[in-house]
Amino acid sequence: MLSLQLFSANPNPILLNPSLKPVLNHRFLKPQKPCQKRKPAAISSVLQWNRKPELAGETPRVVVITSGKGGVGKTTTTANVGLSLARLGFSVVAIDADVGLRNLDLLLGLENRVNYTVVEVLNGDCRLDQALVRDKRWSNFELLCISKPRSKLPIGFGGKALVWLVDALKAREEGSPDFIIIDCPAGIDAGFITAITPANEAVLVTTPDITSLRDADRVTGLLECDGIRDIKMIVNRVRTDMIKGEDMMSVLDVQEMLGLSLLGVIPEDSEVIRSTNRGYPLVLNKPPTLAGLAFEQAAWRLVEQDSMKAVVVEEEPKRSVLGGLFSFFGG
Ligand SMILES: Nc1ncnc2c1ncn2[C@@H]1O[C@H](COP(=O)(O)OP(=O)(O)O)[C@@H](O)[C@H]1O
Ligand SMILES: [Mg+2]
């Protein structure tokens, strides 16, 4: 339970809704045999959330996952938050807007199913539904790639093309999706502008290091200039051991620097790399890992337009004779 609390968002760790308390309390308070391990019990109860989060805002929610700096976890976030949303029962279309360097299809294990891309739809070579790739595990999750790997965008392909695409998705016969999630390319050039144009909210992914933070701050300004006011951040690849040793910035420091509301805190987890290589997103792992749970919680908060608070927790007494406090996350 202790480790789960470290990554929790809420005063009531793991739970976002008080209505779930009885289920968890019942599990946690149940007398346990001495040989029983507590951790798996806690994790399995998280998976038995007995309600669907309430969808806030108008649909489709068009969310761009962005960062500025590359390699901080945008695509990992898109895949895991997207599939979590689908598992919660929402219809999701994930758009890979990373032109030329697309890899969302690989993370999802759908690379062999992408026959057509948005470029071909716009050229009139195929229909939109032919370019949408339905996930093999969750049929309410679909992937849409902008272009073929290593290709360049045709001249004239810009934000308006993505706005058209979002309108076309809204007008589909089976109805508009609940979420359209756009995996943004790194950088702040034309590809970035194209990806953010149709969005009305953004999730900024950052790692707790100064280069990533500087880029995130710059991107926040650009998003605001574009009229996107609903910006939340995910702090990824957090290492508690390094924060304790004061070798890594705490989540509280990150939040103070960026001044954005916090959607989630994702720990550094070697399972992320393993799942990336297997094309099997982390949130589908059984039993779940801490990073998988953290992505699930971020998806819950996204649905309910909720956020979490970075807090100060007590320093381990052994580490410092002065005792005192240092900033950390959770609570
Ligand atoms: N929480 C994490 N723990 C460990 N590795 C991670 C984590 N998040 C991302 N990674 C790894 O970092 C690399 C870059 O992630 P990716 O999602 O492709 O970033 P981006 O889309 O921002 O370029 C990948 O190899 C991925 O597996
Ligand atoms: Mg990426």
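The numbers here are math on the coordinates, done by the rules we state, and not lab data. In this text, all values refer to a predicted model and were calculated from it rather than measured experimentally. Ideal geometry is used to build each Cβ from the backbone, glycine not excepted, and the neighbour counts take in all protein chains shown.
Compute the relative contact order of region 174-227 as a whole-number percentage, counting only Cα pairs closer than 8 Å that sit 6 or more residues apart in sequence. All intermediate terms of the calculation are to be shown ahead of the outcome.
Details: 22 pairs, mean separation 13.4, N = 54.
Across region 174-227, relative contact order equals 25 percent.
Compute the distance in nm between two label points, each set 7 Å from the Cα along the Cα-to-Cβ direction, one at SER139 and one at ASP125.
Output for this residue pair reads 3.0 nm.
Kindly rank 277-287, 94-104 from highest to lowest mean number of other beta carbons found within 10 Å of each residue. It would help to have the intermediate numbers written out before the result.
On the way: 277-287: 16.7, 94-104: 23.5.
The densest-packed peptide leads the list: 94-104, 277-287.
If you average over every viewing direction, what projected area does the convex hull of the Cα atoms of region 57-327 give, in nm²? Display every interim value, and only then the final one.
Details: hull surface 57.4 nm².
Dividing the Cα hull surface by four gives the mean projection, 14.4 nm².
For Cα pairs less than 8 Å apart in space and 6+ apart in sequence, what is the mean separation divided by the residue count of region 102-145, i.e. the relative contact order in percent? It would help to have the intermediate numbers written out before the result.
Values: 43 pairs, mean separation 15.9, N = 44.
Relative contact order of region 102-145: 36 percent.
If Rh is defined by the Kirkwood formula over all Cα pairs and Rg also comes from Cα, what ratio Rg/Rh do you get for region 51-114?
Values: Rg = 12.9 Å, Rh = 13.2 Å.
My calculation puts Rg/Rh at 0.98.
May I ask you to order 233-243, 216-226 by the average number of other C-beta atoms within 10 Å around their residues, highest value first?
Numbers: 233-243: 20.9, 216-226: 16.5.
Going by the mean number of other Cβ atoms within 10 Å, highest first, we get 233-243, 216-226.
Where Rh denotes the Kirkwood radius from the mean inverse Cα pair distance, what is Rg over Rh for region 132-226?
Numbers: Rg = 15.1 Å, Rh = 15.2 Å.
Ratio of gyration radius to Kirkwood radius for region 132-226: 0.99.
Got the relative contact order for region 169-325 handy, in percent, Cα pairs under 8 Å and 6 or more residues apart? Can you show the working numbers first?
Numbers: 186 pairs, mean separation 25.9, N = 157.
Rounded, it is 16 percent for region 169-325.
Which net charge results for the neighbourhood of THR206, defined as the other residues with beta-carbon distances under 12 angstrom from its beta-carbon, given Lys and Arg at +1 and Asp and Glu at -1? Let's see the in-between values first.
Details: positive: LYS69, LYS74, ARG214, ARG218, LYS232, ARG237; negative: ASP209, ASP215, ASP217, ASP253.
Local charge sum for THR206: +2.
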